[in-house]
Amino acid sequence: MNNQLIARRNFLSSSASALAGSALLPSFAKSAHRKGKLLYHTTEISNAEPVLSELVRNWMTPTDAFYIRSHAPIPKINHDSFRLKVEGLVEKPLSLTLKQLGDLPQSKIVATLTCAGNRRSEHIAIKPVKGVPWKEGAIGNAEWSGAKLSDVLRMAGVKAEAKHVWFEGLDQIQRSNGVIPFGASIPLKKAMFDSEKMPGTILATGMNGEPLNGDHGSPLRTVVPGYIGARSVKWLGKIVVSDRPSPNHYVATAYKIVEDGTPLEWSEQGPIYRMPLNSAICSQVKRSKSLIVAGYALPQGRPGTSIRKVEVSPDNGRKWIEARITSPSREFCWVLWTAAIPSRNAGDELMVRATDSRGSIQPEQVNWNSKGYLFNSWHKVKTI
Ligand code: MTE
C-alpha cells in the first residue's frame, strides 16, 4: 500500500479490533464512553478526550474538559514527604520539598498541551496502529503555574558538559520486561530558553488557578511549551542533568516517527520534540442561509510562531474561505476560529487548513507511521 495517504474520513468509530492482542495495553472500550464532558477510551488507566463541542467552547480549556493521557494509574504521593530530586551533571544535587519549590519565583503561563497521538483514529482508518484511538480531542489549552525549571537548574549548578535534562515520573508502568516510570528528556537549551513571557519549561503545581489534580500530575509536573505532551511529565519525582537524551523507553523507543518499525529505523530516528502545525473542525451549526463551522488551530512548537490564518474549503479545496480567529493568537497556544459557509456553497465535505506566522501551511497529506503520531493533514468532516 502506498504510504502517502490522505485523511479522508472523520467521525470514525474507535478501532478496538485493531488493538486486540496487545497484552499490556489497557483494554480499549469498544467505543469511548462518556462521563461528564469527557469520552473515556480506557478507565482503569484514564485515557479520555472531551466531546468536540465542549473542546472549542473556551480558549482556556476547563480542567474537567481537558484530555487525560496516562500510561499507569495515578500514583499515591504523600505531599509532606514528597521531594523533587535533582541529580546528574550538577555541582550540588538537590532534594526539594513542595514548600521550597513554592518559595521560588512563580510564573503563570498559558500553553497548549497536545498528545503526539492526537487524530490517531485517522491513521487507524488507513491501516491499524496500536495505541489509544484518539480523535481530535487530545489537546487542551490551560494556565499553568509554578517555578521555572531554569531557576532550579541554576540552584543546582549545571556542569559544562551537560546537554539534556531528563524527567522521571513516580508512576509505575507495567511493561513486558518489568515496571518502569514514565520518562522524558529535553535539550538543556530548551530548559534554559526563558523569554520575557514564557519560561522554557515550568515545574507546574497549578492548572487553571487550582492545584494540579491527580489526573494531570499532582503535586508536580513539567510543562514544556511547544513540545508534544509526552515531554510534560506528570507526578514528577526526579530530574537528571546529562550529556545525552534519557534512555527511558518513552524517549529512546516510543515517541519517534517510524514507518516500517525495523530495529534499524528505531535506532536511526530521534525523539519527537515539537508539536506540529495542526487544525480541526469541531462543530457545525446550520443557519437559514449558512453553515457555521468552528474549530481550533495550533502553531508548530517553534518559539515566536503563532497562527496567522485558518481557511475552510466547502468544495474539496477549489475555494477556501478565511475563518475568523476568535481568540488570542500566541506562540505555543492554539487559536479558536469560526467560519460561515454560505449554504449554496456547502458540498458533502468540509476541510480546514492553517498557516502559521512563519508561512508554513498544514500539509495536505501525511505519511502513515507505525505508532500513529503527529497526524496533521488537512482535517476533513462530512457536512451536516
Ligand atoms: N507523565 C507521566 N508520569 N505518565 C504518563 O503517562 N503521559 C504523557 C504526559 N506525561 C504521562 C506523563 C503524555 S503521552 C501526555 S500527552 C501528557 O502527559 C498528557 O497530559 P494530561 O493527561 O495532563 O493531559
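Show me the strands (runs of 3 or more DSSP E) entirely contained within the range 18-98 in which 3 or more residues are modelled with pLDDT under 95.
Per the criteria, 33-35.
For residues in the range 239-254 being within 11 Å of the ligand (Cβ to nearest atom) and of a type outside the set (Phe, Trp, Tyr), which is most open to solvent (accessible area, probe 1.4 Å)?
So the residue we want is ASN248.
Do any residues in the range 55-74 that are farther than 25 Å from GLU168 by Cα and open to solvent by 10 Å² or more (accessible area, probe 1.4 Å) have Cβ atoms under 8 Å from those of residues that are of a type in the set (Lys, Arg) and more than 10 Å from the ligand (Cβ to nearest atom), where the two are at least six apart or on different chains, and which pairs are they?
Final answer for the pair search is PRO62/LYS37; ASP64/LYS37.
For the range 211-226, give me each residue that is within 13 Å of the ligand (Cβ to nearest atom) and either of a type in the set (D, E, K, R) or open to solvent by less than 20 Å² (accessible area, probe 1.4 Å) (or both).
LEU212, ASP215, HIS216, GLY217, PRO219, LEU220, ARG221, THR222, VAL223, VAL224
Filter the range 299-355 down to residues that are acidic (Asp, Glu) and assigned to a strand (DSSP E or B) and give me whichever is surrounded by the most Cβ atoms within 10 Å (Cβ to Cβ).
Out of the qualifying residues, it is GLU311.
Quick check, is ILE186 open to solvent by less than 30 Å² (accessible area, probe 1.4 Å) and in the same structural domain as ALA72 (by TED's automatic domain parsing)?
Yes, satisfied.
Here is a check on your reading of the model: is LYS163 at pLDDT below 95 and either of a type in the set (Asp, Glu) or open to solvent by 50 Å² or more (accessible area, probe 1.4 Å) (or both)?
For LYS163, the condition - at pLDDT below 95 and either of a type in the set (Asp, Glu) or open to solvent by 50 Å² or more (accessible area, probe 1.4 Å) (or both) - is not met.
For the condition away from the ligand (no atom under 14 Å from the Cβ), crowded, with 16+ Cβ neighbours inside 10 Å, not small (Gly, Ala, Ser) and not in a strand (DSSP E or B), what is the one hit in ILE257, ILE272?
Among ILE257, ILE272, only ILE257 is away from the ligand (no atom under 14 Å from the Cβ), crowded, with 16+ Cβ neighbours inside 10 Å, not small (Gly, Ala, Ser) and not in a strand (DSSP E or B).
Answer yes or no as to whether VAL241 is free of Cβ contacts under 8 Å to residues at least 40 places away in the same chain and part of a strand (DSSP E or B).
It is false that VAL241 is free of Cβ contacts under 8 Å to residues at least 40 places away in the same chain and part of a strand (DSSP E or B).
Can you find a residue that is closer than 30 Å to VAL352 by Cα, at pLDDT below 95, out of contact with any strand residue (DSSP E or B) (no Cβ under 7 Å at 6 or more places or on another chain) and basic (Lys, Arg) anywhere in the range 249-268?
No, every residue in the range 249-268 fails to be closer than 30 Å to VAL352 by Cα, at pLDDT below 95, out of contact with any strand residue (DSSP E or B) (no Cβ under 7 Å at 6 or more places or on another chain) and basic (Lys, Arg).
Applying the selection to the range 137-161, what residues are in contact (Cβ under 8 Å) with a residue 12 or more places away in the chain, farther than 17 Å from LYS85 by Cα and either small (Gly, Ala, Ser) or within 14 Å of the ligand (Cβ to nearest atom) (or both)?
GLY137, ALA138, ILE139, GLY140, ASN141, ALA142, GLU143, TRP144, SER145
The values are calculated or read from the model by the stated rules, or taken from the named source; none is laboratory data. As the structure is a prediction and not an experimental result, all values here were calculated from the model. Don't worry about glycine lacking a Cβ; one is built from the backbone with ideal geometry, like all the others, and counts go over all protein chains shown. With ligands, DNA and RNA removed, areas are computed over all heavy atoms of the protein, side chains included. Shrake-Rupley method; radii C 1.70, N 1.55, O 1.52, S 1.80 Å.
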